[in-house]
1. Looking at the stretch 238-246, can you tell me whether even one residue there is over 25 Å from Phe25 (Cα atoms) and surrounded by 14 or more Cβ atoms within 10 Å (Cβ to Cβ)?
2. Go through the stretch 1-54 and report how many residues are assigned to a strand (DSSP E or B) and surrounded by fewer than 17 Cβ atoms within 10 Å (Cβ to Cβ).
3. Please state which one of Asp230, Asp210 is outside any loop (DSSP other than H, G, I, E, B), acidic (Asp, Glu) and assigned by TED's automatic domain parsing to the domain that holds Val8.
4. Quick check on this structure: which one of Asn256, Asn213 is touching a strand residue (DSSP E or B) at 6+ places or on another chain (Cβ under 8 Å) and either among the acidic types (Asp, Glu) or touching a residue at least 24 places away in the same chain (Cβ under 8 Å) (or both)?
5. Give the residue that is surrounded by the fewest Cβ atoms within 10 Å (Cβ to Cβ), with candidates limited to residues of the stretch 116-152 that are at pLDDT 95 or above and aromatic (Phe, Trp, Tyr).
6. Among residues belonging to the stretch 233-269 that are hydrophobic (A, V, I, L, M, F, W, C) and outside any helix (DSSP H, G or I), point out the one that is nearest to the chain's Cα centre (by Cα).
7. So in the stretch 218-230, with the set limited to residues that are buried (at least 16 other Cβ atoms within 10 Å of the Cβ) and not β-branched (Val, Ile, Thr), which one is farthest from Asp250 (Cα to Cα)?
Amino acid sequence: MTAYLNYVFNQTSSQTPTIPNKELFISQPPGPAILVWTNTNVFPNLTGVSVVSELNSVGMNSNSVRSTNLISNLSQTITNTGNQNRSTLPFLDIKYDFPNDLLIINGTNYTVTTGGDYIATQFNLSTTGSRTKSVNSSTSVTDPFHIWSRDFFSGSMVKKLDIDMASYDSSNNTFTGLFEIKRSANSNFNNWQPYTDDKPNYEMVMALADELNIPFHTIHHNEVQERVIDESKLVNVYSYTPQAGQSWNDFRSFNNRQQVSAKQTLALL
């Protein structure tokens, strides 16, 4: 994890957390990761949300509650949430065991091929003309599911994106924020803005923020040496307010930027 993610994880997972009742879901492939999906014919609207993990993998993605509880609550939040402009999104809990040609989707076993077709049907995704074989081993690739899905689904039509972090309030069982963490040592800190080339990715997270009616924050830091960022170090924060008509240019504008300490960002959780 980045120095910033290590910091916020430590602040919420200790026996005496800085912010009581706040949990984190940090995507760490091949451990559990939150993925949002869409097809270009409906973009920037989303077609589905999933949590994907390698079977029996252990990811440091939650603190005082088990990750299964967070996944269950995320599933309930997604499937029970819809606004007047969009129908409720489908949700899939996907576990993969590629050496054994296995996908477990919402508790049901599929082969890689039949499971891929099921994901495509549920999320309205286009597939490739040929069926690719699954990844043999997770030891040689960072994210086996990404490698497989990139080949199985149409590269020109299908978009998917990891959500770096989601915050959760266990006192009332609600998700409270979405976070994208950016680390950039080569860019001047004071001049950093969300990259225009990443606009489609940001728009997908914004769509999920609108769907859940929770804010989305991009947090940028330039700490690349330390494992954990110092709480006094400044970070750039760009925030998106859901369902407020905030444009891409509004979001990435310096007028929308806060420069605060890493410690002060804990209030965003």
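The values are calculated or read from the model by the stated rules, or taken from the named source; none is laboratory data. Source: prediction; values computed, not measured. Because the Cβ atoms are built from the backbone with ideal geometry, glycine has one as well, and the counts that use them run over all protein chains shown.
1. From the stretch 238-246, those over 25 Å from Phe25 (Cα atoms) are 244-246; that's our starting set.
Applying the additional criterion that residues be surrounded by 14 or more Cβ atoms within 10 Å (Cβ to Cβ) yields 246.
Yes, there is a match, as at least one residue in the stretch 238-246 is over 25 Å from Phe25 (Cα atoms) and surrounded by 14 or more Cβ atoms within 10 Å (Cβ to Cβ).
2. Of the residues in the stretch 1-54, the ones assigned to a strand (DSSP E or B) are 22-26, 33-39, 48-54.
If we keep only those that are surrounded by fewer than 17 Cβ atoms within 10 Å (Cβ to Cβ) too, we end up with none.
Of the residues in that region, 0 qualify.
3. On the way: Asp230 fails: outside any loop (DSSP other than H, G, I, E, B).
That would be Asp210, the only listed residue that is outside any loop (DSSP other than H, G, I, E, B), acidic (Asp, Glu) and assigned by TED's automatic domain parsing to the domain that holds Val8.
4. The conditions single out Asn213.
5. Tyr118
6. In the first step, residues of the stretch 233-269 are kept if they are hydrophobic (A, V, I, L, M, F, W, C); the result is 234-235, 237, 244, 248, 251, 254, 260, 262, 266-269.
Those left that are additionally outside any helix (DSSP H, G or I): 234-235, 237, 244, 260, 262, 269.
Working: Leu234: 23, Val235: 20, Val237: 17, Ala244: 22, Val260: 23, Ala262: 20, Leu269: 15 Å.
Only one residue fits best here, namely Leu269.
7. Step one: list which residues in the stretch 218-230 are buried (at least 16 other Cβ atoms within 10 Å of the Cβ), which gives 218-223, 228-229.
After this cut, where a residue has to be not β-branched (Val, Ile, Thr) as well, the list is 220-223.
Values: His220: 17, His221: 21, Asn222: 23, Glu223: 26 Å.
So, considering only residues that are buried (at least 16 other Cβ atoms within 10 Å of the Cβ) and not β-branched (Val, Ile, Thr), the one farthest from Asp250 (Cα to Cα) is Glu223.
Results for (1) modelled with pLDDT of 95 or more; (2) surrounded by fewer than 18 Cβ atoms within 10 Å (Cβ to Cβ); (3) of a type in the set (Ser, Thr, Tyr), shown as yes or no for each residue.
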position	(1), (2), (3)
Leu212	no, no, no
Phe216	yes, no, no
Ser232	yes, yes, yes
Arg252	yes, no, no
Lys263	yes, yes, no
